[in-house]
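Note sheet for the following structure.
Bear in mind that the values in this text are calculations on the coordinates, not laboratory data. What you see is a predicted model; the values in this text were computed from it and never measured. Quick reminder, even Gly has a Cβ in these numbers, built from the backbone with ideal geometry, and neighbours come from all protein chains shown.
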Amino acid sequence: MANHDPFFSRRLLDLDYIYLSYCVYETIKMTHQLYNTLPTLSEASEAFTNRGELLPRLAQLFAAPEYRKYAFGLVHHHYDLLLGEWMVTTDRISAPELISSPPDPSIVVDRWTAQSEPFEYARVSPGDQALPPPPEGLLKSFEEIVGKENKYLGMFTAPNLGLGKMYCEAIVDDAKRKQVLNVVDMAGGKEPCLSIDAAWVSDGGIVAVAQVCVNCRRADHM
Ligand SMILES: [Zn+2]
């Protein structure tokens, strides 16, 4: 019978292996279709209803010295991607890039979902080290706080801007799907029009906003 044939069994193993490799590959790289189903900034912000309870607990978790290089924030997207594109930030400008295979090694993961799926990238300067994926202990504690079903909170590379500074993400060119991360004073108040808190860091166990995104599409407010 065919299923007792060693050659046939071997073929099945090969196919399993190929399928498994394919699955592993797919889990390390979010497809553009999946990226496009990520919530918008407003959707993610509105879904984060229990922030009064969660933010202090997350600030405690991310205060651990080994997790200080990570921020936590809203998993969201501003622009849809096309086949083969990733959203990459280079010199504080984020825009879609068509990724070659193998990808440019200077492009590293910048944002992960709570399930540790990479969804946005950044280009590091020569000599700069990529931040490793969130360690197991962080993922486990994060899930305990935000819940297994959470889809709106993930982990970002913490901005390294110094005291009292944060990122304010704003549109550069809608047609090119391009945004900029401006460095602004935390104490300087919000942008003149609507901005939404998008990421936080732990400042010695106290929650601090790390990034806001401008959520206004009026040309005179960009
Ligand atoms: Zn944003």
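Pairs of Cα atoms nearer than 8 Å and 6+ residues apart set the relative contact order; for region 36-143 it is 22 percent. Bridgeable lysines around residue 151 (alpha carbons under 27 Å apart, same-chain partners fewer than 8 residues away excluded): 29, 69, 140, 178, 190. How would region 31-221 be classified by its alpha-carbon gyration tensor: rounded, prolate or oblate, with rounded meaning a/c under 1.5 and the a/b versus b/c comparison settling the rest? It comes out rounded by the Cα gyration axes. Look at 155, 87 and count the other Cβ atoms within 10 Å of each Cβ; fewest to most, that gives 87, 155. Distance distribution note for region 31-139: the fraction of Cα pairs above 17 angstrom is 61%. Modelled spin-label separation between residue 206 and residue 29, with each label point placed 7 Å from Cα along the Cα-to-Cβ direction: 4.4 nm.
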